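Okay, structure first, notes after.
Just so you know, all these numbers are worked out from the coordinates, no wet-lab data involved. It should be emphasised that the depicted structure is a prediction, and the values quoted were computed from it without experimental measurement. When we count neighbours, we look across all protein chains shown, and the Cβ atoms used for this are built from the backbone with ideal geometry, even at glycine.
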């Protein structure tokens, strides 16, 4: 059960004004009821935009660090020869064949992960 307690209080808006800022003095109430008077909404929107900007800046910094790490990694990586890649392709093919044999003997197909286009002599 929810109980509501009503407390007598005074609610005041202090709004800076200038002479002749509105044609009719009471027009201020229409403005307060409209979008212009949604001060809390404007503050939340500004805060959200600031948070999004901060998040975007953080992502950009992380992305830049990642790019730098990849560039460093690439700078120390030496190119592999065709013979080295051929050996690796043969080794991977043998490993996949072993796994297929294990899967076949256990009655499992390991989620359907089957070698398509096996690495062979045509792979460089």
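Given the options 45, 88, 64, 84, name the one that is surrounded by 10 or more Cβ atoms within 10 Å (Cβ to Cβ) and closer than 30 Å to residue 16 by Cα.
Numbers: 88 fails: closer than 30 Å to residue 16 by Cα; 64 fails: closer than 30 Å to residue 16 by Cα; 84 fails: closer than 30 Å to residue 16 by Cα.
Of 45, 88, 64, 84, the one residue that is surrounded by 10 or more Cβ atoms within 10 Å (Cβ to Cβ) and closer than 30 Å to residue 16 by Cα is 45.
Using the structure shown, decide if residue 100 is in a helix (DSSP H, G or I), surrounded by 11 or more Cβ atoms within 10 Å (Cβ to Cβ) and within 33 Å of the chain's Cα centre (by Cα).
No.
Would you check which residues across the stretch 1-40 are surrounded by 10 or more Cβ atoms within 10 Å (Cβ to Cβ) and out of contact with any helix residue (DSSP H, G or I) (no Cβ under 8 Å at 6 or more places or on another chain) and list them?
21, 27, 28, 29, 30, 32, 33, 36, 38, 39
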